[in-house]
Amino acid sequence: GSCLESVKIAIDTGYRHIDGAFVYYNEHEVGQAIREKIAEGRIKREDIFYCGKLWNTCHPPELVRPTLEKTLKILQLDYVDLYIIELPMAFKPGDAIYPRDENGKFIYHETDLCATWEAMEACKDAGLAKSIGVSNFNRRQLEMILNKPGLKYKPVSNQVECHPYFTQPKLLEFCRQHDIVIVGYSPLGTSRDETWVNVSSPPLLKDPLLNAIGKKYNKTAAQVALRFSIQRGVVVIPKSFNPQRIRENFQIFDFSLTEKEMKEIEALNKNVRYVELLM
Ligand code: A2P
């Protein structure tokens with residue numbers, strides 16, 4: 001229920017880009033929030049930009065379209081604005097989202113990412129996804145797709161971890177050259193949940209520089225971190241279930257950072273991920 005409420009508050013606040021996934025197990029709530037706001041007359045479907053994700057167990061090409069159709073059925077929407085391959089590695093297809101063998105080891109699955117991509121292209125052609133992209137792809141994996149013979153559509157975006165402590169300068173430059181938008185996840189430095197976050201890297205929002213710059217503009221460290229990303233052309237997808245912080249994270253369009261401040265924040269880069277994705 002908290003997801004339904006948060007998405008409704010977000011839409012009322014002005015957010016239009018909603019980042020979802022089947023594996024977040026809340027697409028039914030996201031869909032309901034969008035549909036309620038449309039019914040209220042506050043937004044139209046075309047105002048919303050919904051991103052869905054193809055999970056690791058669904059990489060075989062014949063599974064791609066049915067998986068997207070399942071997401072659409074859960075959302076009760078006719079299309080997603082963006083559909084992305086969530087991770088470049090595949091797991092064994094089946095009901096287990098994290099398939100493991102008797103020793104607890106992940107069971108991977110050999111797939112051809114280019115074949116998966118062709119199935120993604122077919123989803124776009126069928127009108128089920130307006131655009132298609134990828135996530136957690138490195139340069140080599142992007143090049144595999146970009147250099148694929150007969151490529152019909154290139155990935156419009158690559159969603160990766162990106163924030164002042166992990167600024168991704170090389171990947172950002174590569175993606176710029178190829179017109180691929182970087183969507184930065186964990187733009188606030190994650191929820192620091194030890195089950196999936198490397199908490200040995202210090203908390204981003206406690207950073208003295210971000211806080212000092214925030215003071216100057218009467219903004220929080222979170223707002224400075226988000227502003228930094230959008231100012232360098234990185235799309236941000238901050239997550240909050242708290243109404244006050246949902247609104248706070250949207251108040252970033254009434255100030256700008258100087259070139260000097262941007263450089264200083266860029267220098268905070270530690271090249272250390274919070275989200276190591278060890279699998
Ligand atoms: P909450 O949901 O209680 O607001 P990220 O977007 O990098 O994944 O970070 C999400 C984490 O940051 C969540 O734990 C969220 O908690 C917290 N958070 C979101 N917005 C803010 C903010 N403006 N200030 C401090 N913490 C925030």
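Numerical summary
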{"item": "Residue satisfying condition, being farther than 17 Å from residue 20 by Cβ and within 14 Å of the ligand (Cβ to nearest atom), within set 174, 166", "result": "166"}
{"item": "Selection from the stretch 99-126 of residues that are in contact (Cβ under 8 Å) with a residue 60 or more places away in the chain and under 15 Å from residue 154 (Cβ atoms)", "result": "116, 120"}
{"item": "Any hit, the stretch 141-152, residues being more than 13 Å from the ligand (Cβ to nearest atom), crowded, with 20+ Cβ neighbours inside 10 Å, assigned to a loop (DSSP other than H, G, I, E, B) and not acidic (Asp, Glu)", "result": "no"}
{"item": "Residues of the stretch 1-60 satisfying the condition of being under 19 Å from residue 249 (Cβ atoms), touching a Phe, Trp or Tyr at 6+ places or on another chain (Cβ under 6 Å) and modelled with pLDDT of 95 or more", "result": "6, 13, 14, 16, 17, 18"}
{"item": "Helices (runs of 4 or more DSSP H) fully within the stretch 194-278 counting 1 or more residues that are loosely packed, with under 15 Cβ neighbours inside 10 Å and near the ligand (Cβ under 9 Å from one of its atoms)", "result": "243-248"}
{"item": "The stretch 176-193, residues that are in contact with a helix residue (DSSP H, G or I) (Cβ under 6 Å, 6 or more places away or on another chain), assigned to a loop (DSSP other than H, G, I, E, B) and over 17 Å from residue 277 (Cα atoms)", "result": "188"}
{"item": "Residues that are surrounded by 18 or more Cβ atoms within 10 Å (Cβ to Cβ), of a type in the set (Lys, Arg) and either touching a Gly at 6+ places or on another chain (Cβ under 7 Å) or not in a helix (DSSP H, G or I) (or both), drawn from the stretch 12-55", "result": "53"}
{"item": "Filter result (assigned to a strand (DSSP E or B) and over 30 Å from residue 35 (Cβ atoms)) within the stretch 79-101", "result": "91, 100"}
{"item": "Options 142, 171: the member that is free of Cβ contacts under 8 Å to residues at least 60 places away in the same chain and closer than 13 Å to residue 84 by Cβ", "result": "142"}
{"item": "Lone unmet requirement of (1) over 12 Å from residue 163 (Cα atoms); (2) out of contact with any helix residue (DSSP H, G or I) (no Cβ under 6 Å at 6 or more places or on another chain); (3) touching a residue at least 12 places away in the same chain (Cβ under 8 Å) for residue 271", "result": "(1)"}
{"item": "Condition broken by residue 104, with the remaining ones in (1) in a helix (DSSP H, G or I); (2) more than 24 Å from residue 121 (Cα to Cα) satisfied", "result": "(1)"}
{"item": "Among (1) small (Gly, Ala, Ser); (2) surrounded by 18 or more Cβ atoms within 10 Å (Cβ to Cβ); (3) touching a Ser or Thr at 6+ places or on another chain (Cβ under 8 Å) - the single one residue 94 does not satisfy", "result": "(2)"}
{"item": "Some residue of the stretch 110-129 being modelled with pLDDT of 95 or more, assigned to a strand (DSSP E or B) and surrounded by fewer than 21 Cβ atoms within 10 Å (Cβ to Cβ)", "result": "no"}
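The values are calculated or read from the model by the stated rules, or taken from the named source; none is laboratory data. Since this is a predicted model, take the numbers as computed values, not measurements. Methodologically, a virtual Cβ is constructed for each residue, glycine included, from the backbone with ideal geometry; neighbour enumeration extends over all protein chains shown.
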